[in-house]
Amino acid sequence: MPSRRDTIAHDLRDRIATGRIKPGERLPAEAHLASEYRVSTPTLRNALAVLQAEGLVEKVHGKGNFVRRPLQRITYVGGGRTANGQPAAHAALSVTVHTTRIQARGHLTSLLKVSTGSRLTEFLCLSHEGERPHSLARIYVPCDLVPAAALRESLPYEGVMKRLLRLRPPLAEVREQVSVRLPTPQEASTLRISLALAVLTIKRQTTDTRGRVVEAALLVLPGDRADALFTTHYPTDERTPEK
């Protein structure tokens, strides 16, 4: 027998699917819904958490619960690009970039193969679809590859990426590790997603021809709006068949 939580979630899901509660519309207050369904507030919140994990509802701090509008899906195909050829996690989205100098600590030392305290430039890129956060990327580059003058410039995301391409030496390898996990509290807050919604994470390490890591990137793509595409190319045997 379905629990009260599941029964409430099913009813709200049906009201959303049939358009009785429309995308972008605010749900009734939690106290009102708890009274309507004759349950305690914790039970009602558990039901809402189910819908939040499914990506149907989002909770906006201080404002309430809203039916989510469908977000644009993106396909990550490797090498930092999406299927339509635009930068990964930023296709047809507006992106804000915050640039700062930091010191390598913890996982960054192994990711960039540098000693603790080494100076890095961090590019924090947050993409938006309209007013809603869409995805998050942190890009790290050794400071000697990013002149101080570059930090003083106010460039759009595309300008920042073009600048990085011009500054870095010839590349030999791009290694990417794709994982699925739950978001950290900070990621969930930044992206306005439920802590129960899985995120696709991509750890990218770019190495030059001398074996130096010249760029590392950490991408966080919520699972309700991202796909990963992998294609394997096999060598063609052009030898003439034996007779």
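One table, with the values for the structure above:
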quantity	calculated
Some residue of the stretch 8-30 being closer than 30 Å to A137 by Cα and of a type in the set (S, T, N, Q)	no
Residue list for the stretch 75-96, restricted to those being in a loop (DSSP other than H, G, I, E, B), within 17 Å of R204 (Cβ to Cβ) and at pLDDT 65 or above	V77, G78
Close pairs from the stretch 156-183: first in contact (Cβ under 8 Å) with a residue 60 or more places away in the chain, partner of a type in the set (G, A, S) and surrounded by fewer than 13 Cβ atoms within 10 Å (Cβ to Cβ), Cβ under 7 Å, at least 6 apart	V174/G79
Residues of the stretch 8-49 classified as closer than 18 Å to V67 by Cα and polar (S, T, N, Q), total	2
Test for K203: is it within 18 Å of the chain's Cα centre (by Cα) and either without any contact (Cβ under 8 Å) to a residue 12 or more places away in the chain or in the same structural domain as L93 (by TED's automatic domain parsing) (or both)	yes
Yes/no for R132 being under 19 Å from R73 (Cα atoms) and basic (K, R)	yes
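The values are calculated or read from the model by the stated rules, or taken from the named source; none is laboratory data. In this text, all values refer to a predicted model and were calculated from it rather than measured experimentally. Quick reminder, even Gly has a Cβ in these numbers, built from the backbone with ideal geometry, and neighbours come from all protein chains shown.
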